[in-house]
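Since every read-out is calculated from the coordinates, none of them should be taken as a lab result. Not measured: the values here are computed from a predicted model. FYI the Cβ positions are ideal-geometry reconstructions off the backbone, even for glycines, and counts take in every protein chain you see.
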Amino acid sequence: MSHSPLPLISPASSVHPTPSFDDALASHGKEPLTAESVTTLQVNLGKVCNQTCHHCHVDAGPQRTESMTKDTIDQIIEVLDRTPQITTVDITGGAPEMNPHFEYLVRECHIRDRHIIDRCNLTVVYVKGKSHLPEFLAQHQVEIIASLPCYQETNVDQQRGKGVFDRSISALQILNALGYGKTGTGLNLHLVYNPQGVNLPPSQEELEQDYKEELMNRYGIQFNRLLTITNMPISRFMEDLEESGQVETYYNLLQENFNRSTVDEVMCRSLISVGWDGRLSDCDFNQMLDLPLQNYAPQWIGDFNLATLEHRQIVTGSHCFGCAAGAGSSCGGTLT
Ligand code: SF4
Ligand code: SF4
């Protein structure tokens, strides 16, 4: 695939006028961010979703039509065949299961012995034609990372839509019955918490204990780990901040809590994100902000070249403070 060259992006470029993430790195004695390796391919299958959550950084919903084609998925599989260094395929969306080629991708990754993650919103198993998904995921040893921003109905429904809590609980019970979240089955089920409003997440370990007790006592639900994730100041969450006049307050919170020790662990150092259209980015957030890779790097999955992508300079912006605040944040939870 040939594409016109893109302008070189300054690593100090920012989607928000202040502050500069690279200045913060420099003031803490850190070099500009560079990748170390590419061990995870995070694949965004599109923006179609059965929910319309307030905090969604993808701006996903039922009316969206963007969806990865089978041709692009075949290019991903070809990359896996020639890149054994990529050990994990992390599938996201939207609701990735609503892409018609989701199961094809999972099967092909399973054949190739890759660790597969499905970022599942849980309620998708109640979409027409998707009730077989829990068994399918278990058969293919897919790790499930599922959003449940609280163990209380009111908070979940407020953030994710009316009735979402009840359907999420039922879906978790179905997954538990298949062995998900239970010791010794190898079927990992992790839950994701993100804060309501202008706050950083609390301690992941302490909140995990609360979740485990509450979900077990109330609903008999088991899961492996709780991942706390900081809300990124982009897309719908940014719109909420703008509407409530809290943009500056939130940036100040992130900046004041900048934690130097998270920087070496941020996920872009070992991950490449593939957009629904096949474009490559340093992470899902950069992808949503239309921030391409530096222009000397391949820009499309069809041009994937590990040697150029490893050790690349990462395109940062002020949203990166969201990864480096407090205990740090990534698609795998806290960083420290
Ligand atoms: S379930 Fe996930 S992808 Fe869908 S709208 Fe909610 S946050 Fe966005
Ligand atoms: S948002 Fe986070 S993962 Fe993405 S480039 Fe910035 S620091 Fe890296």
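Summary of values
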| quantity | calculated |
| --- | --- |
| Added length on full extension, which subtracts the Cα-Cα distance from 0.36 nm per residue, THR65 to ASN295 | 80.0 nm |
| Pairs beyond 27 Å (Cα-Cα), from LYS130/LYS162; LYS47/LYS182; LYS47/LYS128 | LYS47/LYS182 |
| ASP113/GLU243 FRET efficiency (R0 51 Å; Cβ-Cβ; nearest 0.05) | 0.65 |
| Percent antiparallel among DSSP beta bridges (both partners in segment 21-324, rounded to 5) | 15 percent |
| Potential lengthening between ILE174 and TYR104 on full extension [0.36 nm per residue; Cα-Cα distance subtracted] | 22.9 nm |
| Pairwise FRET efficiency - VAL198 versus GLU135, Cβ, R0 = 51 Å, nearest 0.05 | 0.80 |
| Most to least packed among 154-167, 291-304 [average Cβ atoms within 10 Å] | 291-304, 154-167 |
| Among 123-133, 54-64, the order from most to least packed when residues are scored by Cβ within 10 Å on average | 54-64, 123-133 |
| Cα centroid separation - segment 259-301 against segment 88-132, whole Å | 21 Å |
